[in-house]
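*Asks:* Here it is, the structure, as structure tokens.
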Amino acid sequence: MIYQSTYQAAKIIAPQVEAIFAKHLSAAKDSGEEDLAPLPVADLVEHIIDATFWASLRKEEGHSPKISLAFLPPEQAGNPLLFKHNLPLNPTTLTKIAPGVERAGIHIGVWHDGEELYVWGTSLSIPNFCFVLDVSEPGLLVIKHRRIYGFGKYTNIAVLKGEQIKIVDTSSPRSHDWPTMLLSLLDLTAPSYWNDSVNVLIQIAVSMRSHQRGGTLLVVPSENNNWLQSIVKPIQYAVQPSFRGLSKLLMQDRKEASQIFWQTALKREVEHLAGLTAVDGATVLNDRFELMAFGAKIGRAKGKENVEELSFSEPIVGGGAVLMPASKVGGTRHLSAAQFVHDQKDAIALVASQDGHFTIYTWSGQFNRLQAHRIDTLLL
């Protein structure tokens with residue numbers, strides 16, 4: 001198959017994408033996994049990325065496409081919607097059908113006949129380690145795959161923004177004290193389920209980022225109220241008793257209700273809490289997912305020093321940890337979150353910026369240092 005791409009980033013990253021998926025699929029086969037997607041070879045990947053990139057820059061009736069493509073044959077899709085006639089994979093095709101397939105969970109099915117790639121229809125179900133390409137915004141593409149057990153957010157492989165390429169690095173945690181939430185996003189932990197606390201925190205982070213207003217979420221221990229030492233009094237929106245909507249749902253025996261109903265309820269509670277982070281100030285949640293306050297102002301705890309330096313990292317190739325002044329990571333919202341975790345070392349802070357950046361602040365007992373982890377590449 002010969003395809004001449006005009007988007008240079010597609011040509012550069014395609015061989016690396018094939019190698020990453022080959023490694024995943026080989027490991028899955030060796031462990032006895034079934035229902036595995038086909039390997040996306042480099043020339044096909046290059047074609048798919050190129051066509052999708054140029055489609056992302058077009059508009060249909062004033063709207064830019066926000067679509068998701070999945071590379072698989074129809075027989076692996078599971079109750080697919082099939083077109084009577086296959087459509088050629090090109091920017092025009094993708095732009096024209098985009099308005100009908102932009103809702104979350106809908107994938108445009110792409111396959112080949114040995115010579116040409118084509119669009120065969122849509123699917124809501126895809127196999128394990130299926131190559132997926134999402135258009136988040138014009139010129140911003142995310143390469144990802146379905147997690148091996150299909151729960152929670154897909155695992156990101158790489159992000160392309162114009163000519164900028166960011167490839168997710170899964171090797172760094174061996175030498176870094178990274179939080180469980182970050183390890184889960186990298187698919188380096190045991191399988192997570194819908195009611196897994198780390199998975200729920202990831203869903204909250206995705207929802208926080210999506211409202212595009214910026215926000216701070218502080219996750220504090222439930223066994224003490226030390227976090228109050230770092231909050232300015234009075235708290236404008238203190239919650240008493242603590243709101244336990246999400247907490248109760250996570251403790252519910254799901255045999256009492258259907259899985260779909262439970263997941264819908266979870267999404268509603270997640271969006272409720274994430275929405276509160278758009279209010280000026282910090283939202284405070286304990287580790288049992290009970291809401292304690294929102295709109296809270298962070299202050300330096302009595303007797304504590306100003307935070308000066310931290311370790312900053314991004315889980316991408318070339319994004320290793322570097323020491324930098326805490327004030328250089330972001331604006332006031334970031335600096336106050338850094339101060340909070342510096343003072344309350346058993347807490348974590350999640351900060352969404354209006355520009356789309358997302359940072360987790362944690363204290364590393366291993367290195368006795370404040371850490372900032374930039375994770376927006378993993379949340380797209």
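The values are calculated or read from the model by the stated rules, or taken from the named source; none is laboratory data. Note that the coordinates shown come from a computational prediction; the quantities given were computed from them, not determined experimentally. Backbone-built Cβ (ideal geometry, glycine too); neighbour counts: all protein chains shown. Surface areas here come from the heavy atoms of the whole protein model, side chains and all, with no ligands, DNA or RNA. Shrake-Rupley method; radii C 1.70, N 1.55, O 1.52, S 1.80 Å.
*Asks:* Treating the angle as unsigned and between 0 and 90°, give the value, to the nearest 10°, between the Cα long axis of helix 259-276 and the longest Cα principal axis of the chain.
*Replies:* Tilt relative to the chain: about 50 degrees.
*Asks:* Return the sequence-ordered ³J(HN,Hα) values of the stretch 308-316 in whole Hz as given by the Karplus equation 6.51 cos²θ - 1.76 cosθ + 1.60 applied to θ = phi - 60°, using x for Gly and Pro.
*Replies:* Values per residue, Gly and Pro as x: 10, 9, 8, 9, 10, 8, 9, x, 10 Hz.
*Asks:* A further question follows. Return the label of the correct value of Rg and Dmax of the Cα atoms in Å, as calculated from the structure shown, out of (1) 21.9, 71; (2) 31.3, 105; (3) 20.2, 76.
*Replies:* (1)
*Asks:* Taking the Cα centre of the chain as origin, sum charge times position over the Cβ atoms of Lys and Arg (+1) and Asp and Glu (-1), and report the length of that vector in debye to the nearest 20. Mind showing how you got there, number by number?
*Replies:* Working: 35 positive and 38 negative charges, 239 e Å.
It works out to roughly 1160 debye.
*Asks:* While we're looking at this one, here's another question. Based solely on its DSSP helices, what 222 nm [θ] is calculated for the chain when runs of n ≥ 4 H residues each add -39,500 (n - 2.57) and the sum is averaged over all residues, nearest 500 deg cm²/dmol?
*Replies:* The helix-only estimate for the chain comes to -8500 deg cm²/dmol at 222 nm.
*Asks:* Shifting gears a bit: Highest mean first, how do 104-114, 54-64, 215-225 rank when packing is the count of other Cβ atoms within 10 Å averaged over residues? List each step's numbers first, then the result.
*Replies:* On the way: 104-114: 16.4, 54-64: 14.6, 215-225: 19.0.
Result, highest mean Cβ count within 10 Å first: 215-225, 104-114, 54-64.
*Asks:* Another one. Give me, ordered by chain and number, the residues 5 or more places off Met292 or on other chains with an amide H under 5 Å from its own placed amide H.
*Replies:* HN-HN under 5 Å from Met292: Val284, Leu285, Asn286.
*Asks:* Which of Leu350, Leu81, Leu185 ends up with the largest GNM mean-square fluctuation for the chain, with Cα atoms connected below 10 Å?
*Replies:* Checking each option, the largest mean-square fluctuation is seen for Leu81.
*Asks:* Which pairs break 23 Å Cα to Cα here: Lys233/Lys267; Lys297/Lys328; Lys59/Lys84? Show your work: numbers first, answer last.
*Replies:* Details: Lys233/Lys267 32 Å; Lys297/Lys328 21 Å; Lys59/Lys84 26 Å.
Over 23 Å apart, Cα to Cα: Lys233/Lys267; Lys59/Lys84.
*Asks:* Out of the GluC sites (Glu not before Pro) in the stretch 280-343, which ones are loop residues according to DSSP with at most 13 other C-beta atoms within 10 Å?
*Replies:* Glu305, Glu308
*Asks:* How far is helix 8-30 tilted off the main Cα axis of the chain, in degrees rounded to 10, range 0 to 90?
*Replies:* Between helix and principal axis, roughly 80 degrees.
*Asks:* Within the accessible area of the chain, what % is carbon and sulfur when the probe is 1.4 Å and the other protein chains stay in place?
*Replies:* For the chain, the apolar C and S fraction of the accessible surface comes to 50 percent.
*Asks:* Next up: Amide H to amide H, which residues 5 or more places from Phe131 or on other chains are under 5 Å from it, using H placed in the peptide plane?
*Replies:* For Phe131, whose amide H was placed from the backbone, the distant partners under 5 Å are Phe71.
*Asks:* Once phi is turned into θ = phi - 60°, what whole-Hz ³J(HN,Hα) does the Karplus curve with 6.51, -1.76 and 1.60 give for every residue of the stretch 116-133, x standing for Gly and Pro?
*Replies:* 10, 7, 8, 9, 9, x, 9, 8, 9, 10, 9, x, 4, 6, 6, 5, 10, 10
*Asks:* If you count only protein heavy atoms with a 1.4 Å probe, what accessible area per residue comes out for the stretch 8-167, rounded to a whole Å²?
*Replies:* Ligands and nucleic acids excluded, the figure is 45 Å² per residue.
*Asks:* Students often forget the sequence filter, so: which lysines lie under 17 Å Cα-Cα from Lys11 once same-chain residues fewer than 8 apart are removed?
*Replies:* Lys161, Lys166
*Asks:* Then there's this: For Ala42 and Asp280, calculate 0.36 nm times their separation in residues minus their Cα-Cα distance, and state this gained length in nm to one decimal.
*Replies:* Working: separation 238, 0.36 × 238 = 85.68 nm, distance 4.62 nm.
Result for the pair: 81.1 nm of gain on full extension.
*Asks:* Still on this structure: Tell me the per residue accessible area of the stretch 301-344 using a 1.4 Å probe; a whole number in Å² is fine.
*Replies:* Per residue, the stretch 301-344 has 50 Å² of solvent-accessible surface.
*Asks:* Still on this model: Please state the relative contact order of the chain as a whole percent: Cα pairs under 8 Å, 6+ residues apart?
*Replies:* Across the chain, relative contact order equals 13 percent.
*Asks:* Would you look at the GNM of the chain, springs on alpha carbons closer than 10 Å, and say which of Ile126, Ile231, Ile167 moves the most?
*Replies:* Its mean-square fluctuation being the largest, the pick is Ile231.
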